[in-house]
Amino acid sequence: MDRECCAVRYPILPIHGTGFRDWKGVGYWGRIPKALEDRGAQVFFGGQDGWATVEENSAALKKKVEAVLAETGCQKVHLIAHSKGGLEARYLVSSLGMAPRVASVTLIGTPNHGSKTMDAIFRLPKWLFRLAGFFVNRWYRFIGDRNPDFCGVCFQFTTAWAEEFNRQNPDAGGVCYRSYAGAMGSFRSDVFMWWQNCIISRVEGENDGLVTVDSAAWTGFRPVWRGVGGRGMSHMDEVDFRRRPLRYRGVSKDVVEEYIQMVAELKEMGF
């Protein structure tokens, strides 16, 4: 592709998932932002909390979008969101009235239909969640979260919550939606996500270590990312966690190329 293949009309706002923040030193998106900028895109970052609820983070994202539009003089932005960040992007557009300010919403590994595994986990004693929440919330508030809510966020991964969320947040007219999913080839695909993949595979089926392919499927669903060979692509691989191409028996596959392609496609569509 040419060096201006990602020079879309509107700035791009990547929105991270749960448990992370947009730190400058350790970027959530690996090599992806620089690759897009090198090809003509303007890239900003959401900057929302790591463990705040969809509603809390979406309110923060609304302010960020408004700031980006004021800085660039553009009328709209493109949202590229991973994991729970996709729910926040959808809520921002459909419930917070930002559809006129958003050109496209791209969802990657987003639990649009919730998780049956989380349904099962939520049947555990509530005191376990409250105990975990005490420590998680305390730590994330220390590192910068304004309103961490571990228990509230966990509930937002259940299928019941997702069903009601989808009812209240249909796709907005005039906004281009696309969705992507990754799938691990087996539990051996990712040393960090092997046990999650094992559990979710038994309960729900094919997944990237956190989100099933079926849950990630939404409007404009594209072919599943499977990496190279039998390796597959994990939830962490989807955002270039390792900062290098995936390799399998001498063949390589770079997820950065997928992002370049998705943004180049927006340019071809006139965005």
- Message: Can you pull out the trypsin sites (Lys or Arg not before Pro) in region 62-149 whose DSSP state is coil and whose Cβ has at most 12 other Cβ atoms within 10 Å?
- Response: ARG123, ARG146
- Between region 176-231 and region 1-47, the alpha-carbon center distance in angstrom: 22 Å
- Query: What is the calculated FRET efficiency for ALA132 to GLU66, with r their C-beta to C-beta distance and R₀ = 45 Å, to the nearest 0.05?
  - Reply: 0.85
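Rounded to the nearest 20 debye, what is the charge dipole size of the chain about its Cα centre when +1 sits on each Lys and Arg Cβ and -1 on each Asp and Glu Cβ? It would help to have the intermediate numbers written out before the result.
Details: 35 positive and 30 negative charges, 114 e Å.
Roughly 540 debye for the chain.
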- Task: Describe numerically, in nm with one decimal, the distance between label points set 7 Å from Cα along Cα→Cβ at SER186 and at ARG123.
- Result: 3.0 nm
- Mean separation of Cα contacts under 8 Å, 6 or more apart, over the residue count of the chain: relative contact order %: 22 percent
- Query: With each label point set 7 Å from Cα along the Cα-Cβ vector, what nm distance links ARG202 and GLU257?
  - Reply: 3.6 nm
- Message: Order these by the 10 Å Cβ neighbour count, fewest first: LEU61, LEU92, LEU124, LEU246.
- Response: LEU124, LEU246, LEU61, LEU92
- Extent along principal axes [Cα atoms of region 12-268; Å; largest to smallest]: 50, 46, 36
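So if each residue of separation counts as 0.36 nm, and I subtract the Cα-Cα distance between GLU37 and ARG141, what length gain in nm does that give?
The GLU37-ARG141 span can extend by a further 34.3 nm.
Every read-out reported here was derived from the displayed coordinates using simple, explicitly stated rules and does not represent laboratory data. This structure is a prediction, so every number in the text was calculated from the model and none was measured. Using ideal geometry, Cβ is built from the backbone for each residue, glycine included, and neighbour counts are taken over all protein chains shown.
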